[in-house]
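Right, one structure below, let's go through it.
Every read-out reported here was derived from the displayed coordinates using simple, explicitly stated rules and does not represent laboratory data. From a predicted model like this one, the values you see are computed outputs, not experimental measurements. Every residue, glycine as well, gets a Cβ built from its backbone with ideal geometry; the counts of neighbours run over all protein chains shown.
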Amino acid sequence: MTKKDTSLTVPDEIVMNKIYFIREYKVMLDSDLAELYEVETRVLNQAVSRNEYRFPDDFMFQLTQKEWENLKSQIVISSWGGRRKLPYVFTEHGVLMLSSVLHSRRAIEVNILITRVFTRIRQMLIENTELRLAIEKLEKKTENNTQNIEVVFKYVDELMEKQANPKPRKAIGFKQKSLKK
């Protein structure tokens, strides 16, 4: 079996911009996924509801009114028209499961693309974590150096103060007494 070219013409950046962080999950809206799969949101949600046993809460959940309002304000969605029900969102695992309920070549290609994007995001987070840890290590070293420099300046200040205001010193050595004859 030969592999066919899966040249999906959706830039990764478009997919990345459709990933949100809600309830400690990276998720995508049902409407955004439907757009990528080139199906109506209603069709996507019907396929999911016919297979709801495949979508536990950590794969898919419905947003609360507050979460939806917050998300709408972030992504600037018009309040005119719009949805009658609160949207569903799909985690990375939920998106993978969608390919098993949407039986189209487009669904498979989109899932491959989305999986690669999620993997890239995870890699960027790991790299950023490593970078953050390295910076924290440098900050600690710098903090220690700063403390050491402060001690050095304190001693230099004390030495300069002693030099500017020397204490009278006790003479050391022999005193010569005048010899009378």
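Can you compute the helix-only [θ] at 222 nm over the chain? Use -39500 (n - 2.57) per DSSP H run of at least 4 residues, normalise by all residues, nearest 500 deg cm²/dmol.
Details: 6 runs with 104 residues, N = 181.
After summing the helix terms and dividing by the residues of the chain, the value is -19500 deg cm²/dmol.
Would you order Lys154, Lys18 from fewest to most other beta-carbon atoms within 10 Å of each residue's own beta-carbon?
Lys154, Lys18
If I model a spin label at Ala134 and Glu52 as a point 7 Å from the Cα along the Cα→Cβ vector, what separation in nanometres do I get?
Taking the two extended label points, one gets 4.9 nm.
For labels at Arg23 and Arg42 in the simple 7 Å Cα→Cβ model, what's the distance in nm?
With each label point 7 Å from Cα toward Cβ, the separation is 2.6 nm.
For Cα pairs less than 8 Å apart in space and 6+ apart in sequence, what is the mean separation divided by the residue count of the chain, i.e. the relative contact order in percent?
Relative contact order here is 21 percent.
Looking at the square roots a ≥ b ≥ c of the eigenvalues of the Cα gyration tensor of region 104-181, which shape do they give, rounded for a/c under 1.5, prolate if a/b is larger than b/c, or oblate?
Verdict is prolate for region 104-181.
Sort 117-128, 159-170, 84-95 for me by packing, meaning the mean count of neighbouring Cβ atoms within 10 Å per residue, highest on top. Provide the component values of the computation, followed by the final result.
On the way: 117-128: 13.0, 159-170: 7.5, 84-95: 18.4.
The peptides rank, most packed first, as 84-95, 117-128, 159-170.
For region 12-131, with only Lys/Arg (+1) and Asp/Glu (-1) charged at the beta-carbon, what is the dipole magnitude about the Cα centre, in debye rounded to 20? Numbers along the way, then the final one.
Working: 16 positive and 17 negative charges, 77 e Å.
With only Lys, Arg, Asp and Glu charged at Cβ, the dipole is about 380 debye.
Positive end of the charge dipole of the chain (Lys, Arg +1 and Asp, Glu -1 on Cβ, about the Cα centre): tell me which of Met124, Trp68, Thr9 has its Cα farthest that way.
Met124
With N residues in the chain, what two-decimal value do you get for its Cα radius of gyration over 2.2 N^0.38 Å?
In units of the globular-protein estimate, the chain measures up at 2.18.
Pairs Lys26/Lys85; Lys26/Lys141; Lys26/Lys137; Lys26/Lys140: which are spaced more than 25 Å apart, C-alpha to C-alpha?
Long pairs (Cα-Cα over 25 Å): Lys26/Lys141; Lys26/Lys137; Lys26/Lys140.
Just going by the charge dipole of the chain, with Lys and Arg at +1 and Asp and Glu at -1 on Cβ, which of Ala34, Ala107, Ile149 is farthest out on the positive end?
Ile149
Hey, can you rank 101-114, 44-57 by average C-beta count inside 10 Å, highest first? Could you put the intermediate results ahead of the total?
Working: 101-114: 16.9, 44-57: 14.5.
In descending order of packing, they fall as 101-114, 44-57.
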